[in-house]
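This report concerns only the one structure given below.
The values are calculated or read from the model by the stated rules, or taken from the named source; none is laboratory data. Quick caveat: nothing in here was measured; it's all calculated off a predicted structure. Please note: Cβ atoms are built from the backbone with ideal geometry, for glycine as well, and neighbour counts cover all protein chains shown. All accessible areas refer to the heavy atoms of the entire protein, side chains included, with ligands and DNA or RNA removed. Shrake-Rupley method; radii C 1.70, N 1.55, O 1.52, S 1.80 Å.
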Amino acid sequence: MQPIPFNMKGTEYAITIKVATYSEGNLAIKLYQENFGQLIFWDTLTTNLGGLRPKDCGFVNTKATGKRFYAWIKRNGLGEPTGQIRSENGVDNVEYLFNSKKLKKLDPDGYTYYSRRLKGELGRQYERLYLALRRLANHVPHFHYTDYSGWRKLQDSDDTLPLWIEAEDPAHCLRYIFEQRGIMLRTTIINCEIQTMQRYIHRRKEDMATNLLSFYQGELPVYPPWSEDRRRQSDTRHENPLIQTFKETAEIRHQAGKKKQSQKRRT
C-alpha cells in the first residue's frame with residue numbers, strides 16, 4: 001500500500017500506517033516515515049485514555065498536530081467521529097470510529113492481531129449500545145457521551161464498573177447514565193428542565209440500546225423497505241443458480257441409481 005501524504009507547516013510527509021494494540025487491547029494506530037528503505041516512527045494517530053474502547057474506536061492524538069489529523073482522517077476516508085469527547089489536561093480528545101476495511105488494507109497483519117486480541121474483551125459485550133450512541137450522535141444535534149467503563153473509580157472505593165457511560169442531549173434537556181452493577185443493568189434518565197429522574201432495569205444488554213433508541217423514533221432516519229420490483233429482481237438473480245443446483249443434484253441421484261441397478265444385475 002502506498003504511503004498517505006500529510007501536510008503540516010508547509011512540509012509534506014509520506015505516512016505509512018501500522019495497526020497495533022495498547023495494553024488493554026484498545027486500537028493503536030502508529031504512523032511511520034520511510035527513510036533509506038526503513039520505516040522510522042513519526043507519531044501516533046491515537047491516544048490511550050484508559051478504559052476499554054469498542055471495536056475500531058480510538059481517541060485521536062492532537063498533542064503535536066493540533067486539529068490537522070481530523071481533516072486528514074476525513075480526506076482519506078479513515079474514519080468518522082463517534083460523538084464522544086473526553087477532556088484530559090485541558091485538551092478535548094475526540095473519539096473516532098475507524099474504517100476497518102481501510103485499516104485491513106493498510107496493515108493486514110497488524111489489524112488481524114488487533115481484532116483477534118479484542119475478541120472476548122469487556123467492551124465488546126455492549127456493542128449494540130455503542131452503536132446506538134454513535135447513531136444518535138450522528139443524527140441528534142449536540143448529542144454526545146463519555147465512556148467511563150473500566151477505568152473511573154467509584155466514590156470512596158477502588159472498584160470500577162464494567163459499564164459506565166454518561167450521555168447528554170442538550171436539545172431535549174436530557175441526561176443518560178448507563179451502568180452495570182453486579183448483574184444489574186440500569187439506565188437512568190434525568191430531565192434537567194423539570195428535574196425528574198427515571199430508572200429502567202434491563203434483563204439483557206441489547207435491551208439498553210433498544211430502550212434508548214425508542215425515545216428517538218421520530219428523529220432518526222427511516223430506510224424504506226424494498227419495492228416489489230427490487231425484490232423481484234433480487235429473487236430472479238438467484239433463481240437460475242438454484243434451478244441449476246437442483247438439476248445437477250437430480251442428475252447425480254439418477255446416475256447413482258443406475259449404477260446400483262447395474263451392480264445388482266451383475267451379482
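Any residue in the range 109-121 that is polar (S, T, N, Q), under 30 Å from Phe215 (Cα atoms), open to solvent by 20 Å² or more (accessible area, probe 1.4 Å) and not in a loop (DSSP other than H, G, I, E, B)? Write out each step before concluding.
Just the residues of the range 109-121 that are polar (S, T, N, Q), to begin with: 112, 115.
After this cut, where a residue has to be under 30 Å from Phe215 (Cα atoms) as well, the list is none.
So far as the range 109-121 goes, no, none of its residues is polar (S, T, N, Q), under 30 Å from Phe215 (Cα atoms), open to solvent by 20 Å² or more (accessible area, probe 1.4 Å) and not in a loop (DSSP other than H, G, I, E, B).
Does at least one position in the range 85-102 carry a residue that is surrounded by fewer than 17 Cβ atoms within 10 Å (Cβ to Cβ) and acidic (Asp, Glu)?
Yes, the range 85-102 contains at least one residue that is surrounded by fewer than 17 Cβ atoms within 10 Å (Cβ to Cβ) and acidic (Asp, Glu).
Is at least one residue of the range 46-54 of a type in the set (S, T, N, Q), farther than 22 Å from Leu131 by Cα and either in contact (Cβ under 8 Å) with a residue 60 or more places away in the chain or part of a loop (DSSP other than H, G, I, E, B) (or both)? Let's see the steps before the verdict.
Filtering the range 46-54 for residues of a type in the set (S, T, N, Q) gives 46-48.
Adding the requirement that they be farther than 22 Å from Leu131 by Cα leaves none.
For the range 46-54, residues of a type in the set (S, T, N, Q), farther than 22 Å from Leu131 by Cα and either in contact (Cβ under 8 Å) with a residue 60 or more places away in the chain or part of a loop (DSSP other than H, G, I, E, B) (or both): absent.
Got a number for residues in the range 172-227 being modelled with pLDDT under 90, within 24 Å of the chain's Cα centre (by Cα) and among the aromatic types (Phe, Trp, Tyr)?
Residues flagged as modelled with pLDDT under 90, within 24 Å of the chain's Cα centre (by Cα) and among the aromatic types (Phe, Trp, Tyr) within the range 172-227 amount to 1.
Can you tell me how many residues within the range 148-176 are part of a strand (DSSP E or B) and farther than 23 Å from Asn26 by Cα? Spell out how you get there, then give the answer.
We begin by selecting, within the range 148-176, every residue part of a strand (DSSP E or B); these are 153, 160, 163-169, 174-176.
Applying the additional criterion that residues be farther than 23 Å from Asn26 by Cα yields 168-169, 174-176.
Result for the range 148-176: 5.
Taking the range 62-105 as the search range and keeping residues that are modelled with pLDDT of 90 or more and polar (S, T, N, Q), which one is farthest from the chain's Cα centre (by Cα)?
Going through the qualifying residues, I end up with Asn76.
Give me a count of the residues in the range 9-38 that are part of a strand (DSSP E or B), of a type in the set (A, V, I, L, M, F, W, C) and open to solvent by 30 Å² or more (accessible area, probe 1.4 Å). I'd like the intermediate steps shown before the answer.
Here is the first cut: in the range 9-38, the ones part of a strand (DSSP E or B) are 11-21, 27-35, 38.
Narrowing further to those that are of a type in the set (A, V, I, L, M, F, W, C): 14-15, 17, 19-20, 27-29, 31.
Still in the list and also open to solvent by 30 Å² or more (accessible area, probe 1.4 Å): 14.
Summing the residues that are part of a strand (DSSP E or B), of a type in the set (A, V, I, L, M, F, W, C) and open to solvent by 30 Å² or more (accessible area, probe 1.4 Å) in the range 9-38 gives 1.
Six or more apart or on different chains, Cβ under 7 Å: which pairs go from a residue in the range 151-169 that's open to solvent by 60 Å² or more (accessible area, probe 1.4 Å) to one that's hydroxyl-bearing (Ser, Thr, Tyr)? Could you list them?
What qualifies is Trp151/Thr160; Arg152/Thr160; Lys153/Thr160.
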